[in-house]
Each structure stands twice: as structure tokens, then as C-alpha cells.
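The values are calculated or read from the model by the stated rules, or taken from the named source; none is laboratory data. As the structure is a computational prediction, the values presented were derived from the model and not from experiment. Positions of Cβ are generated from backbone atoms using ideal geometry, with glycine treated the same way; all protein chains shown enter the neighbour counts. These accessible areas exclude ligands, DNA and RNA; they are computed on the full protein's heavy atoms, side chains included. Shrake-Rupley method; radii C 1.70, N 1.55, O 1.52, S 1.80 Å.
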Amino acid sequence: MKITFTIPSQKDSYSFSHPGNQPPSAQQKKRFRLQIARRLPSHLLPLHATLLSRNGLTIAICGASQSGKSTLAKLLVTQGFTIHANDFIAVWENNQQLLAADINYETENRTKKPLNVKHFIFLNPEDPRDIFTDNLPNLINLYSHTLPELKVSPSLKNNSVFNQIYKHHLV
């Protein structure tokens, strides 16, 4: 079975072979997304995140597995937020805005569009609150914990998308 992933508004697609006729399990889907995160073009930054919006305000809740992203997202849904992506997103710059979209099955992403993210919240599994202090090395450290499989480069501090995320992070 061929499985294809896309990112809304991005031209590339990512295809994988999957044995049998059953869709991949959640863990298999995560492994495919990690492979995609490793292969993304340099202008796209992967985040392990939930993407939500309400009344034109879009936020990304980022963090490692078990850090509280889904729990916080469920609470925000009760306050009128809509979940647009729940696990892996790609973030990029466009006209001084940060856009984000779901890394998901092609069939799931057909009608989705990128969203302009206004705020980023990074959670830590040991302390499921936004613990970031206004310090770029701390944010790089938190980011590296969200996707430890990617082995984040110290040169991330020179990445323009990451620097925009730093500016939009809620403190």
C-alpha cells in the first residue's frame, strides 16, 4: 500500500510503502512523519505541535511526547478553538509572517490551507507549563527536546524561521 503525505501549499509530497491493506498505526504514522521531518527543505522547520485557531488567532503548542500538548488543546477546544493539526507541523516564513501547516496524509490535507501563527507555546514534559525564559539558547534546548530524533544543530540560532518563532513565543 502506498502512503502519501503532504504539507498544504508546498509542492513536495512524501510517499512510503506500507505492507498490507490496513492504514498505519499511530506509531507507524509518527515514524513516517519523522522521516519527512528529516527530509524537509531548509526553508521549512518541523515542529512536534498542535496547531489551533479561534477568531483569526492561531497558536502552536509545541513539546515532546507526554508534555501536555493534547491536554491543553482539548481545554482550548472547549473555549472555541479549532484543531487544525495534531502532531507534526511545518513552519516557514512568507512576507514577514510565520505560516504553519499539517504534515499529514494527502487525503487529510486536500482542503487545508496554511495558517498565520501568532504565538508559539513550548511545553516541557517534566513541567507541563510554558517554562521558556527570554533566552534563545533555552528555546533551542526546548525545541531539541520536541524532536530528539532529529539531533538539532547548534546553527539553528541562525535559522530565520526559528528566529521568528523566538520573537513570537509567549513568555
Inset, instruction - Determine which member of the set Arg54, Arg31 is open to solvent by 70 Å² or more (accessible area, probe 1.4 Å) and more than 22 Å from Thr111 (Cα to Cα). - result: Arg31
Legend entry - Test set (1) without any contact (Cβ under 8 Å) to a residue 60 or more places away in the chain; (2) open to solvent by 40 Å² or more (accessible area, probe 1.4 Å); (3) within 20 Å of Gln10 (Cα to Cα) - Ser160 fails condition number: (1)
Inset, instruction - Can you confirm whether the stretch 71-93 contains a residue that is among the basic types (Lys, Arg), in a helix (DSSP H, G or I) and open to solvent by 60 Å² or more (accessible area, probe 1.4 Å)? - result: yes
Inset, instruction - Would you list the strands (runs of 3 or more DSSP E) that sit entirely within the stretch 1-69 and hold 2 or more residues that are touching a Ser or Thr at 6+ places or on another chain (Cβ under 8 Å), of a type in the set (S, T, N, Q) and under 23 Å from Phe122 (Cα atoms)? - result: 45-54
Legend entry - Flag for His48 being under 20 Å from Ser144 (Cα atoms) and either of a type in the set (Gly, Ala, Ser) or surrounded by 22 or more Cβ atoms within 10 Å (Cβ to Cβ) (or both): yes
Inset, instruction - State the number of residues belonging to the stretch 1-32 that are under 14 Å from Asp102 (Cβ atoms) and of a type in the set (Ser, Thr, Tyr). - result: 5
